[in-house]
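Accompanying notes for the structure given below.
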Amino acid sequence: MTDLHELAAFAAVARLRSFRQAAVERGVSASALSHSLRALEERLGVRLLNRTTRSVTPTEAGARLLARLAPALGDIADALVELDSLQDVPAGALRINLPRSAARLLLAPMLGRFAAAYPRVQLEAVTDDGLLDIVGAGFDAGVRFGERLAADMIAIPFGPPQRFVVVAAPAYLAAHGVPGAPRELERHNCIGRRFPSGSRYAWEFAQDGRSFSVAVTGALLFDDDELIIRAALDGAGVAYVYHADAAAHIAAGRLQVLLAECEPAPSQYFLYYPSRRQMPPALRAFVDAVRG
């Protein structure tokens with residue numbers, strides 16, 4: 001097929017009636033432009049330009065070709081301008097993978113603001129508490145706690161650090177007593193959490209400068225934060241939850257914080273994505289929104 005650059009070069013020469021001016025416009029030498037046009041004519045098997053020492057004019061065939069090329073080249077130029085404008089007005093699909101807790105605590109509060117600011121971005125959020133390979137699964141970005149990030153990803157903090165607290169309903173504590181140390185939880189009915197991998201979560205604590213975990217047991221085992229809190233509110237046992245999820249219940253006295261002196265350091269969620277030389281505009285918009 002004839003190269004589009006050669007056709008654009010011919011159109012420039014035919015329109016300007018000058019190799020020199022066309023060469024300046026296209027940023028090449030006049031001799032290179034002349035050689036390119038001769039190669040085009042040879043490949044097409046028709047003369048497109050009449051050349052003299054003083055002038056360059058299209059032949060009849062060249063004039064007909066120019067008449068068809070000019071609108072098409074104009075459409076191509078307009079399409080490229082429109083594409084450039086999309087870099088300034090973010091648009092397109094954006095797929096993000098994140099845990100349900102991050103979707104609830106971090107993504108949900110910003111959705112209205114993001115949708116209003118970037119109406120041309122189609123955001124798809126898929127919640128998954130497993131450690132998914134976002135690149136292999138076709139996602140643009142993901143959200144995880146910092147300790148679970150792959151080293152080859154770009155990551156930025158997403159939202160405030162998240163505290164974890166041990167809570168129970170006053171009725172449960174009145175019936176079963178208040179644990180005075182993390183190890184005493186082994187004698188309590190603890191509402192457990194199961195990871196997608198199948199493993200059971202051991203509750204994490206920190207005391208006297210060291211971190212440790214307690215493998216709790218109990219009659220209830222869930223993979224959903226709302227179920228865990230609901231069970232705790234109903235007095236079914238002791239729960240280990242995000243403080244942000246339980247804050248309203250704690251303030252109202254429906255749940256009581258236990259072992260506050262042994263809370264682990266807060267964990268930070270990060271938005272992460274592969275390193276790219278040219279970040280898609282939709283992802284750039286979301287990154288800017290997260291940075292706030």
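A simple charge model with +1 on the Cβ of Lys and Arg, -1 on the Cβ of Asp and Glu and nothing else charged puts the dipole of segment 1-49 at about 200 debye relative to its Cα centre.
Take Asp152: with every protein chain present and a 1.4 Å probe, its accessible area is about 110 Å². When restricted to Cα atoms, segment 1-135 yields an Rg and a Dmax of 25.5, 76 Å, respectively. Would you mind getting the Kirkwood hydrodynamic radius of segment 245-292 from its Cα pairs, rounded to one decimal in Å? This gives a value of 14.7 Å. Note on Glu226: accessible area approximately 120 square angstrom, rounded to 10, probe 1.4 Å, nucleic acids and ligands left out.
Taking every DSSP beta bridge that has both ends in the chain, the antiparallel portion is near 70%. For segment 177-229, what does the alpha-carbon gyration tensor say about shape, rounded, prolate or oblate, given a ≥ b ≥ c as the root eigenvalues, a/c under 1.5 as rounded, and a/b over b/c as prolate? It is oblate, given that a/c is not under 1.5 and a/b is not larger than b/c.
Label zone (Ala289, point 7 Å along Cα-to-C-beta; backbone nitrogen cut-off 19 Å) within segment 137-179: 139-144, 155-160.
Summed over qualifying helices (DSSP H, 4 residues or more, each -39500 (n - 2.57)) and divided by its residue number, the chain shows a 222 nm mean residue ellipticity of -11500 deg cm²/dmol. Computed with every protein chain present, the accessible area of Thr217 is close to 80 Å² [probe 1.4 Å].
Looking at segment 200-292, the trypsin sites (Lys or Arg not before Pro) that sit in a DSSP loop and have at most 11 other Cβ atoms within 10 Å of their own Cβ are Arg276, Arg277. In segment 135-292 the Cα-Cα distances spread across 10 Å bins starting at 0 as 10, 33, 29, 18, 9, 1, 0 percent of all pairs. Pick the calculated semi-axes √(5λ) of the Cα gyration tensor in Å for this structure from (1) 69, 17, 15; (2) 31, 22, 20; (3) 29, 26, 19? Computing semi-axes √(5λ) of the Cα gyration tensor in Å and matching it to (1) 69, 17, 15; (2) 31, 22, 20; (3) 29, 26, 19 gives (1).
Reported value for segment 65-184: 181 Å³ per residue, from the convex hull of its C-alpha atoms. In this structure, Ala125 and Ala151 have a Cβ-Cβ separation that, at R0 = 22 Å, corresponds to a calculated FRET efficiency of about 0.35. Gain on full extension, evaluated as 0.36 nm per residue between Arg230 and Ala63 minus their Cα-Cα distance, stands at 52.2 nm. For segment 106-112, putting each phi into the Karplus relation 6.51 cos²θ - 1.76 cosθ + 1.60 with θ = phi - 60° gives couplings of 10, 6, 3, x, 9, 4, x Hz, in residue order, rounded to whole numbers and with x for Gly and Pro.
Among rounded, prolate and oblate, which fits segment 129-190 when a ≥ b ≥ c are the square roots of the eigenvalues of its C-alpha gyration tensor, a/c under 1.5 means rounded, and a/b larger than b/c means prolate? Prolate shape, in that a/c is at least 1.5 and a/b is the bigger ratio.
The values are calculated or read from the model by the stated rules, or taken from the named source; none is laboratory data. What you see is a predicted model, and the numbers here were worked out from it, not measured in a lab. Note that we place each Cβ from the backbone using ideal geometry, even for glycine, and neighbour counts take in every protein chain shown. Protein only, heavy atoms only, side chains kept; ligands, DNA and RNA dropped before computing areas. Shrake-Rupley method; radii C 1.70, N 1.55, O 1.52, S 1.80 Å.
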